[in-house]
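Peer 1: Below are the structure tokens for one structure; questions will follow.
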Amino acid sequence: MLAIIGGSGLSRLGGLVVTARRAVRTPYGEPSCPVTFGELDGCPVAFLARHGYGHTIAPHEVNYRANIWALREVGVTQVIAIASVGGIRTDCVPGVLVLPDQIIDYTWGRDCTFFEGADQSVQHVDFTEPYSGAVRTLIARSAADCGEPLIDRATYAATQGPRLESAAEIRRLARDGCDLVGMTGMPEAGLARELALDYAALAVVVNPAAGLGASEHGIRLDALKGTLETALARVQRVLVAAAHRVAGG
Ligand code: HPA
């Protein structure tokens, strides 16, 4: 089954006809919210709001382990994670949809593995390609199905938040080769890999990153909302197309 993890602005999935909600218990505590089951244009999907339905859980407070565990527990095999991001590369401007293919983890202090504790042997999962090629292809084809342009390939910087970055931090990320910056990409992607879920992210650029373009002198958070809402309507069309592809229709 296909699951969608909704990020900022996507605590609810427009067009989802809800059939059930399930509160899943995990060994890692509570997920951000119950898993919602429903149909997108007649095709089954599961949905989880990363920040909770009321958008009350900050990026560094999300229980990523419980969220990923819960999705696997309910039978999910493929995950599309929606993320709002700041744009660093010049073509990653507000409103653009991006399909990252690489990630650099700058987060700290988050529970980032299932493989720990005295009763577990040490395991190192391969993360050369952090996102699932199959789900990236699914997203790219779904975007093409509904005529939505998508930037294919970008490096996502996962920062700790919840504050935004300084201009110097963004310059460092740019030197590191990062094209996008967001606060939730890790440890989510790594945990999905540990549980062998096919996981990829679909990023929505909502602002130029700190110190760049219109954010030269600061990021206007109030200006982000409109951009996010318009872009999310396009994301939802892509998700409907993806649900159709997964359902085989
Ligand atoms: N930085 C980090 N996370 C973000 C940003 C940003 O500029 N915009 C949206 N999420």
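Peer 1: Cβ contacts < 9 Å: first residue closer than 14 Å to residue 85 by Cβ and basic (Lys, Arg), restricted to the stretch 151-164; second residue more than 9 Å from the ligand (Cβ to nearest atom) and not in a strand (DSSP E or B), any location; separation 6+ or different chain. Result?
Peer 2: none
Peer 1: Another question about this same structure. Tell me the strands (runs of 3 or more DSSP E) entirely within the stretch 142-249 that contain at least 2 residues that are more than 9 Å from the ligand (Cβ to nearest atom) and under 16 Å from residue 6 (Cα atoms).
Peer 2: Filter on the stretch 142-249 gives 198-208.
Peer 1: Across the stretch 73-86, what is the number of residues that are touching a residue at least 60 places away in the same chain (Cβ under 8 Å) and more than 15 Å from the chain's Cα centre (by Cα)?
Peer 2: Summing the residues that are touching a residue at least 60 places away in the same chain (Cβ under 8 Å) and more than 15 Å from the chain's Cα centre (by Cα) in the stretch 73-86 gives 4.
Peer 1: Follow-up question, since we're still on this one. Answer yes if at least one residue in the stretch 141-152 is in contact with a helix residue (DSSP H, G or I) (Cβ under 8 Å, 6 or more places away or on another chain), modelled with pLDDT under 95, exposed (fewer than 14 other Cβ atoms within 10 Å of the Cβ) and on the phi < 0 side of the Ramachandran plot, and no otherwise.
Peer 2: no
The values are calculated or read from the model by the stated rules, or taken from the named source; none is laboratory data. Just so you know, these numbers come straight off a predicted model, no measurement behind them. Every residue, glycine among them, receives a Cβ derived from its backbone with ideal geometry; neighbour counts consider all protein chains shown.
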